[in-house]
1. When the chain is fully extended, how far beyond the present Cα-Cα distance does ILE69 get from SER105, taking 0.36 nm per residue of separation?
2. Would you work out what percent of the accessible area of the range 186-282, with all protein chains in place, is carbon or sulfur (probe 1.4 Å)?
3. Normalising by the residue count of the range 227-284, find the relative contact order in percent from Cα pairs under 8 Å and 6+ residues apart.
4. Rank these by accessible area, largest first, 1.4 Å probe: GLU25, GLU230.
5. Given labels modelled 7 Å from the Cα in the Cβ direction, how far is it in nm from VAL139 to ARG91?
6. Which cross-chain or sequence-distant (5 or more) residues have an amide H under 5 Å from the amide H of LEU131, H modelled 1.01 Å from N in plane?
7. Measuring from a point 7 Å past the Cα of GLU25 along Cα-to-C-beta, which residues in the range 86-107 have an amide N at less than 18 Å?
8. Assuming 0.36 nm per residue, please report the length gained on full extension of the stretch ASP205 to ARG33 beyond their Cα-Cα distance.
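The values are calculated or read from the model by the stated rules, or taken from the named source; none is laboratory data. The model shown is predicted, which means the values in this text are computed figures rather than measured ones. Neighbour counts are summed over all protein chains in view; Cβ atoms, including those assigned to glycine, are modelled from backbone coordinates with ideal geometry. For the accessible areas, the whole protein counts, side chains as well, though only heavy atoms, and no ligand, DNA or RNA atoms are used. Shrake-Rupley method; radii C 1.70, N 1.55, O 1.52, S 1.80 Å.
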Amino acid sequence: MVWPSKPQAAGQQVRQGVIERSDLEPLAVFLGRAPRGDVVPACWHWCQLLDPVDPRELDDDGYLIGGVITPEPGMTRMFAGGRVHMKEPLRIGVPTSRSTRVARSTVKNGRHGKLTFVTLESTWSQAGQTLLTDEQDYVFTATRPVRTPEGAPTDPDTSSPVAAPSPAGASGDLAVPGPGRIAVTEPMLVTFSALTANPYRIHWDRDFCTRAGHPGLVIHGPLQALWLAEEFTRRGADAADRTFCYRLTAPATAPAVMSVGEGPDAELAVRRPDGTITATASLS
C-alpha cells in the first residue's frame, strides 16, 4: 500500500506506504522462495514503494522524460553498481518512507570524452529511524557508433557496453540449469522489468537491442545484484548492520544460463556462460 507523498524538498522524491506481506509475494514467486519472519529480505526493497510509470511521460527508449538519471541526447547511461547498508531489516506492516535524491555528481574527462558519474541515494525509514541506505551509481558517456553486420554505423542509446555475440552453444541448456546456475529467459527479464517498474526497452524489446548492437535482451544489473544478495542469504550470512557492495563489470544478454558462485578476493560473482564475470559483490 502506497500513500500520497508529503511535500518534497527540492531535488528530492518521497514515497510513503506500508509494505504488506502480500507485497512481497510477486518477487517471492519470481525467485521461487518465501521470505522468513516479518521482515523484508535483503534487496527486496527494490520492488517496494515504486514510483508509478505514466507511459505518456516516457521517451521512445522508455526513459522518464526529464528524469534525473535520464541521459541527455547523444549520451549513454550505464548502471555501474551500488551499496546497500541495512542497519536493521525493514519490517512488514509498518509505515515506511523512502526518500530519494542525487547524492553526488562528478564530471571527469576520459579517453573517449566527458564522463559524468551520478550517485542516486535512497533512505528508507520506519518509526522515524533510518533503517536502510541504498546508493546506486550511474555513468554517463558520449554515445559511440555501433557497426551493424553490413558495416553501417548506428548511434544507439544503450544502458550498458555492447556485448559480443555468444559463441555457439554458449547460452547453455536452459532446460536444466543445475545448482548455482540460473536459466535467464526473455520472459524472465520482462517480468523483472514489471516487478521493478523499469520501462527501459533494452530489457524487453529485442528489436531495440538489435539496433543497439546487442545479441539479445540485456540482463538487468539489479537482477544480478539480487542473485548475489540471495546467495549470501542462502549461505546464512546476516546482512543486518552490514553493507552489501556490488559492481557490474561486463554486460550479459539473454537467453543464457548464468552462474552464481565464488568470485575473486573473497567476493561472490555472476558469470556468463563463457566464464566472463559480469557482477561481483561483498558483504562487510
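1. Full extension from ILE69 to SER105 adds 11.9 nm.
2. 51
3. 39
4. Accessible-area ranking of GLU25, GLU230, largest first: GLU25, GLU230.
5. My value for the distance between the label points is 4.1 nm.
6. Correct list: TRP124, SER125, GLN126.
7. The answer is 92-94, whose backbone nitrogens lie closer than 18 Å to the label point.
8. So the chain would gain 59.1 nm between ASP205 and ARG33.
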